[in-house]
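Scroll down for the structure; my scribbles are underneath it.
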Amino acid sequence: MHILIDYMRLSKFFIPTLKENPSDAFFPSHILMIRAGMIKQLTAGVYSYLPLGLIVFRKIEKIIREEMNAIGCNEFLLPALSPNELWEQTGRLDAFGDIIFRIKNRDLILAPTHEEVFATIAKPNLVSYKDLPQMWYQIQTKFRNEARPKSGVLRARQFTMKDAYSFDLDYNGLDVSYKLQEQAYRKIFTRCGLKFFSVEAASGTMGGNESMEFMVESDAGEDIVAISEDGTYASNIEVATAYPEIVERKNTNLPYEKFHTPNVKSIAELADFLKIKDKSRLAKSRVFVIDKQKENQENEYILTLVCGDDEVNESKLEAILGTKIRQGHPDELIEITGADAGSIGPIGLKSKNIKIIADLKLKDSDELISGANINDYHIKNIDLKRDVKDIIYKDIRVVKENDLTLKTKSRIRISKAIEVGHIFKLGTKYSESLGVKYLDKDGKEQLIVMGSYGIGLERIAAAFIEQNNDDKGIIWEGEIAPFKVHLISLEQGIISETSDLIYNNLKEKNIDVLYDDRKDVRAGFKFNDADLIGIPLQIIVGEKFLKDKKIEIKIRRTNERILVNYDDLINKIVELIR
Ligand code: ATP
Ligand code: MG
C-alpha cells in the first residue's frame, strides 16, 4: 500500500519549480504542472511524475479506490503485456490499429485497455449463475500510441487508468452495475473537486450500445459537446441530436433544370454565384465508402445530402450504417457520380449502386439546388419527393450552436470539454468472441453480459488545474490538494524556531503541511513558489511575529490575508480547513 506523504520540509523535498513558461506548453494545466515541478516530459507523450505530482495522483487514486471498494468492486492488477493472439480473437488488434504499441521481438502488445484480459479471468471462473454478478477493477498503466500527444498528461502515450468491468447474468443486471458505477463516478469527481457533467456518448472501438462520458468544460479539451441552456440536454457532438428545422416545401412543382455554374466548387461559391444568403436549399452532397476490399467484396457507396449550411456527422452516419466509412477518393467520385466533389448531386448519378441518405431537415423538400454530376453544372428545382427514388431520411447532421433541443426546444451551445471518464454497456461482444459463458438455473449455457468503466487519473488532476488557476499558479482545494498548509518561514533565528514549532504542532494535529524552511532563499522567491504550487492556505512567519507575536495567514484562492495571534494560529487553521 502507498503511504501518502502528509508533511515535508522544502529543504529536503524535490520541487524543481520554474519561473518561465515552457515554450511547448499552451494550456494552463500543462504549463503549471511543469512549472510547479509536478511532472517532467521524457519523450513525446511520456512523463515522469515528480514527488509533488505523485502526491496528487496518489490522492486521486485513493479516492477512486475507496469509491470502487464501496460498491463492491474487487481490485486486481493485470499485466500491461498481453499476447497478440488474444486481441486477434476479439478483432481489436485491427480495430485499434496504430494506437496499439507492439513489442518488436515477441508476439506481445502493451495493452491500451483490458476487456480481453479480464474476460480471460472471468471465463474459467464465472461459470454458474451462482458466480454472478461480479465487478472487478484495477488502477494501472495504459499504453496508447496517440497520434498527437499534447497538452501534457491530458493526452499521453503512457497514463494511469482505473478500469472496471462488470459481469452480469443479463441486461437487467448490467443496468444495475452500470448505475452503481455511474453513481460512484459522480462521487469520485465530486470528491476530486471537479465541476463536471455527463453526456451521451458514442462507443467507438469498445463496442456495445449505451455509453456515458463525464466531461469537464475546458478550452484544453479535445471533445466537442452540445449543451442546452435549460440544462436538460448534454451530449458529445459525435452523437448529439437537435430539433430538425424542416426546409418547408414550396409546392411550385417546377421541373428540375440543369444550369451552368463555371468554377463553382463549394456551397459558399454557389451561394455567391446565385447571390443568395440562405444556404438551406443548397443541398450539399458527399460520397462515402464502405470499404470491403479486405473481404474481397465490392465496395458500397453512400451519397449524403444535408442543407448547405450543415455538415455530415460521420460518427452518426457510421452508427446508422453499423460499420466504418471513409470519404470517397477523387477517382471514385468520378467513377460513381460522373463529377468531381464540387458538382455532385442526387440526380443523374452514373452508378446505380449507391444509397442516398438525406438529413431529416430535408424530408420531402423541394426547390433544392444541387450538383448535376457533370463538372461545372448544377440542377435547380429538385423535389426530393418527386425526383429521387429510394431516398432514406435520417438524422445525419452535426448539431450547431443555436440549434434547439429535440424535447424541450431549448437553445444549444457548443463547447469544448475534457473527457475524464467513460462508462459503457458492452453487452456480449467480448463474451461472444472469447466464449465467456455460464450455466443458468436450467443448466442452459448463456453469455455473460459485460460493462466497462474507465477513468483517467492524470486527466483528473489536469482538468482540476484547468478549472482552478490564476496568473500566479495553481489553486488547490479539497481532497486532492497535495498539502493543506504551506508554512513559510522568512528569516533565521527566533523565526525559524517558531516556524519549527508551528510545523510540529500542525503535524501533531494531522494537518498536511509543506514547510518552506529553506535558508538563503529570498522572501519574494518563497512567496512566488507558494503561489505557483498553490496550496490552499499559507502561513507566513516573519517580521510581524518579531514585532507583536502575530502570524499571517493567506488564503491562496482569494488572496485574503488574516493576522492572528500566535496562540490562536492552530485553531484558526483548523477552522479554515473545515
Ligand atoms: P479519448 O477520446 O480522449 O482518446 P478514450 O475514449 O479513448 O478517450 P477510454 O478508452 O474510454 O478513452 O479511456 C477511459 C479514460 O482514460 C478516459 O475517459 C480518459 O480519462 C483516460 N484516457 C484515455 N486516453 C488517454 C490518454 N491518451 N491520456 C490520458 N488519459 C487518457
Ligand atoms: Mg482515445
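The values are calculated or read from the model by the stated rules, or taken from the named source; none is laboratory data. A quick note: this is a predicted structure, and the numbers were derived from the prediction, not measured. All Cβ positions, glycine included, derive from the backbone under ideal geometry; neighbour counts span all protein chains shown. Ligands, DNA and RNA are stripped out before the accessible areas are found, and what is left, the full protein with its side chains, is counted by its heavy atoms. Shrake-Rupley method; radii C 1.70, N 1.55, O 1.52, S 1.80 Å.
Evaluated against (1) at pLDDT below 95; (2) over 18 Å from the mean Cα position of the chain (by Cα), residue 168 falls short on exactly one condition, (1).
Looking across the range 96-110 at every residue that is open to solvent by 20 Å² or more (accessible area, probe 1.4 Å) and closer than 16 Å to residue 146 by Cβ, the one that is farthest from ligand 1 (Cβ to nearest atom) is identified as 102. So which residues in the range 123-135 are in a loop (DSSP other than H, G, I, E, B) and open to solvent by 30 Å² or more (accessible area, probe 1.4 Å)? Across the range 123-135, the qualifying residues are 127, 133. Yes or no: residue 115 buried (at least 18 other Cβ atoms within 10 Å of the Cβ), of a type in the set (Asp, Glu) and at pLDDT 95 or above? Criteria met by residue 115. The requirement of being touching a strand residue (DSSP E or B) at 6+ places or on another chain (Cβ under 8 Å), part of a loop (DSSP other than H, G, I, E, B) and surrounded by fewer than 18 Cβ atoms within 10 Å (Cβ to Cβ) is not satisfied by residue 265.
Would you confirm, using the coordinates I've provided, whether residue 259 is open to solvent by 40 Å² or more (accessible area, probe 1.4 Å) and not in a loop (DSSP other than H, G, I, E, B)?
No.
Scoring residue 367 on the criteria (1) open to solvent by 20 Å² or more (accessible area, probe 1.4 Å); (2) under 41 Å from the mean Cα position of the chain (by Cα) leaves a single failure, condition (2). Per the conditions (1) out of contact with any Asp or Glu (no Cβ under 8 Å at 6 or more places or on another chain); (2) farther than 30 Å from residue 142 by Cα; (3) modelled with pLDDT of 95 or more, the sole criterion not satisfied by residue 476 is (2).
Just to be sure before I move on: is residue 517 within 13 Å of residue 7 (Cα to Cα) and open to solvent by 10 Å² or more (accessible area, probe 1.4 Å) in the structure I sent? So residue 517 passes the test.
When the residues of the range 176-203 are filtered to those that are free of Cβ contacts under 8 Å to residues at least 60 places away in the same chain and open to solvent by 70 Å² or more (accessible area, probe 1.4 Å), the one that is farthest from residue 93 (Cα to Cα) is 190.
Can you confirm whether the range 5-23 contains a residue that is in a helix (DSSP H, G or I), touching a Leu at 6+ places or on another chain (Cβ under 6 Å) and crowded, with 19+ Cβ neighbours inside 10 Å? No: zero hits.
The single residue among 148, 155 that is without any contact (Cβ under 8 Å) to a residue 24 or more places away in the chain and within 12 Å of ligand 2 (Cβ to nearest atom) turns out to be 148.
Scanning the range 279-301 for residues that are within 35 Å of the chain's Cα centre (by Cα), of a type in the set (D, E, K, R) and surrounded by fewer than 17 Cβ atoms within 10 Å (Cβ to Cβ) yields 291, 292, 294, 295, 300. Kindly establish whether residue 77 is modelled with pLDDT of 95 or more, assigned by TED's automatic domain parsing to the domain that holds residue 39 and crowded, with 19+ Cβ neighbours inside 10 Å. When the stated conditions are applied, residue 77 does not pass them. All of (1) of a type in the set (D, E, K, R); (2) assigned to a loop (DSSP other than H, G, I, E, B); (3) farther than 17 Å from residue 456 by Cα hold for residue 146 with one exception: (3).
Checked against the criterion of being under 21 Å from residue 18 (Cα atoms), under 40 Å from the mean Cα position of the chain (by Cα) and open to solvent by 30 Å² or more (accessible area, probe 1.4 Å), the range 540-557 contains one or more residues that satisfy it. Tell me whether the range 136-151 contains one or more residues that are surrounded by 22 or more Cβ atoms within 10 Å (Cβ to Cβ), under 30 Å from residue 28 (Cα atoms) and of a type in the set (A, V, I, L, M). No, the conditions are met nowhere in the range 136-151. Among helices (runs of 4 or more DSSP H) entirely within the range 423-531, having at least 1 residues that are away from ligand 2 (no atom under 16 Å from the Cβ) and without any contact (Cβ under 8 Å) to a residue 40 or more places away in the chain singles out 429-434, 494-508. Do you know which of the residues in the range 155-169 that are open to solvent by less than 10 Å² (accessible area, probe 1.4 Å) and within 27 Å of residue 56 (Cβ to Cβ) is farthest from ligand 1 (Cβ to nearest atom)? It comes out as 165.
The condition (being within 16 Å of ligand 1 (Cβ to nearest atom) and open to solvent by 20 Å² or more (accessible area, probe 1.4 Å)) is satisfied by just one residue among 172, 209: 209.
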